[in-house]
Amino acid sequence: MPALEAQLMDLYDCRVLSDETDPAAFIAREGDSYEALVTAKNGADAALIESLRNIKAITHFGVGYDNVDVAAAARRGIAVSNTPDVLNDCVADLAIGLLIDTVRGLSASERFVRRGDWLKGQFPLTTRISGKRLGIAGLGRIGRTIARRAQGFDMDIRYYSRNPVAGVEFKHEKSLVELARWCDFLVIAVSGGAPTRHLVSADVIEALGPDGYLVNISRGSVVDELALLDALTQKRIAGAGLDVFTDEPKVPPAFMELDNVVLLPHMASGTRETRKGMADLVLHNLQSLFETGRLKTPVPVPAGN
């Protein structure tokens, strides 16, 4: 964010790597003088981390950090932080809004009016939201916030995670396929990265069935996009609401042809309030690093590191 970049420039001896004509040459020449790396959507791969030989920490602007090679950082003793909690509400708000839009056909009906089709007849009937069965894949901070919102719609809620979550009232399903088979709506709120790649497989999508809906506000890599496209095209599921895609900002053109999918530009945390909270947390992490040697919101170190 420009405001965060301005604050960083004001507080620290700071350089924007992407502004350099030759970033690799800049790192080779001056990289050893930098003590911290701030990352956002571009993240930091192992090669970049290895080339910055004196950094103590990586502070990441975002709750998801699958684009930062945390294992490579851990091998160097470099701590990594993210920005949890400050975006829970806005992401959960959008998840519920996207679910309502997808199931009630809000975007599709708006296009219906704009095309002048209302003059020719009524918009098709849709499906109610209240009182339905909601499955949530991933009951972390965001998943639990989504669940609280959904309780206001009198939904019956179950969830899937690798292990049951302590202290929650919702039933844990041991299999995502079983959760998809049980629910009317399946919301995906897991972390991205290799462990969850294509977690929403063709089998999970088939288990949703022709009356089921999928909403993804996590990472595009979590869903098998080709399987989802095929199921939507063949009407083997009723619809999908997607805020994330495998190769953003490139959205498969076939999605654009379908009226039973709502497409958003990865905007779940995209409010001024949330982005300011994220920026503030990046700054707090840096302040803590330079004053105490520790980060305020460190991410877990991968097993084996």
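The values are calculated or read from the model by the stated rules, or taken from the named source; none is laboratory data. Small disclaimer: the values here were computed from a predicted structure and weren't measured. Cβ coordinates were reconstructed from backbone atoms using ideal geometry, including for glycine residues, and neighbour counts include every protein chain displayed.
Cβ-Cβ contacts under 7 Å between residues 6 or more apart (or on different chains), taken from a first residue in the range 41-52 that is assigned by TED's automatic domain parsing to the domain that holds residue 79 to a second residue that is of a type outside the set (A, V, I, L, M) and part of a helix (DSSP H, G or I), are listed as 51/31; 52/31.
The set of residues in the range 34-75 being small (Gly, Ala, Ser), part of a helix (DSSP H, G or I) and in contact with an Asp or Glu (Cβ under 8 Å, 6 or more places away or on another chain) consists of 46, 72.
Among residues of the range 178-200 being under 25 Å from residue 43 (Cβ atoms) and not hydrophobic (A, V, I, L, M, F, W, C), the one that is modelled with the lowest pLDDT is 193.
Going by the structure shown, is residue 223 under 18 Å from residue 177 (Cα atoms), among the aliphatic types (A, V, I, L, M), surrounded by 14 or more Cβ atoms within 10 Å (Cβ to Cβ) and in the same structural domain as residue 111 (by TED's automatic domain parsing)? Yes; evaluated as a whole, the condition is true for this residue.
Kindly evaluate residue 258 against the criterion of being of a type outside the set (Val, Ile, Thr), in contact with an Asp or Glu (Cβ under 9 Å, 6 or more places away or on another chain), modelled with pLDDT of 95 or more and within 14 Å of residue 107 (Cβ to Cβ).
Details: of a type outside the set (Val, Ile, Thr): yes; in contact with an Asp or Glu (Cβ under 9 Å, 6 or more places away or on another chain): no; modelled with pLDDT of 95 or more: yes; within 14 Å of residue 107 (Cβ to Cβ): yes.
When the stated conditions are applied, residue 258 does not pass them.
Figure legend. Inter-residue proximity from the range 84-113: first residues closer than 16 Å to residue 214 by Cβ, second residues of a type in the set (Phe, Trp, Tyr) and crowded, with 21+ Cβ neighbours inside 10 Å, beta-carbon distance below 7 Å, spacing 6+ or different chains. Indicated pairs: 99/185; 102/213; 103/185; 103/213.
Taking the criterion of being surrounded by fewer than 15 Cβ atoms within 10 Å (Cβ to Cβ) and under 20 Å from residue 187 (Cα atoms), the only residue of the range 234-246 that qualifies is 235.
Residues in the range 180-218 that are buried (at least 24 other Cβ atoms within 10 Å of the Cβ) and either part of a helix (DSSP H, G or I) or among the basic types (Lys, Arg) (or both): 180, 204, 205, 208.
Scanning the range 18-29 for residues that are part of a helix (DSSP H, G or I) and exposed (fewer than 13 other Cβ atoms within 10 Å of the Cβ) returns 18, 19, 25, 28, 29. Screening residue 255 on (1) closer than 24 Å to residue 93 by Cα; (2) without any contact (Cβ under 8 Å) to a residue 12 or more places away in the chain shows it passes everything except condition (2).
Yes/no matrix, rows are residues, columns are (1) in contact with a Leu (Cβ under 6 Å, 6 or more places away or on another chain); (2) buried (at least 17 other Cβ atoms within 10 Å of the Cβ); (3) charged (D, E, K, R):
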position: 16; (1), (2), (3): no, no, no
position: 31; (1), (2), (3): yes, yes, no
position: 80; (1), (2), (3): no, yes, no
position: 104; (1), (2), (3): no, no, yes
position: 112; (1), (2), (3): no, yes, no
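Does residue 282 satisfy being part of a strand (DSSP E or B) and β-branched (Val, Ile, Thr)? So residue 282 does not fit the description; no. Answer yes or no: is there a residue in the range 285-294 that is among the basic types (Lys, Arg) and either more than 21 Å from residue 142 (Cα to Cα) or touching a helix residue (DSSP H, G or I) at 6+ places or on another chain (Cβ under 6 Å) (or both). Within the range 285-294, one or more residues are among the basic types (Lys, Arg) and either more than 21 Å from residue 142 (Cα to Cα) or touching a helix residue (DSSP H, G or I) at 6+ places or on another chain (Cβ under 6 Å) (or both). Name every residue in the range 140-180 that is free of Cβ contacts under 8 Å to residues at least 40 places away in the same chain and either small (Gly, Ala, Ser) or under 16 Å from residue 217 (Cα atoms) (or both), in order of residue number. Across the range 140-180, the qualifying residues are 144, 147, 152, 159, 160, 161, 166, 167, 175. Taking the numbered list (1) assigned to a loop (DSSP other than H, G, I, E, B); (2) touching a residue at least 60 places away in the same chain (Cβ under 8 Å) in turn, residue 124 passes all entries but (2).
Among the conditions (1) within 26 Å of residue 180 (Cβ to Cβ); (2) β-branched (Val, Ile, Thr); (3) part of a loop (DSSP other than H, G, I, E, B), residue 102 misses just one, which is (3).
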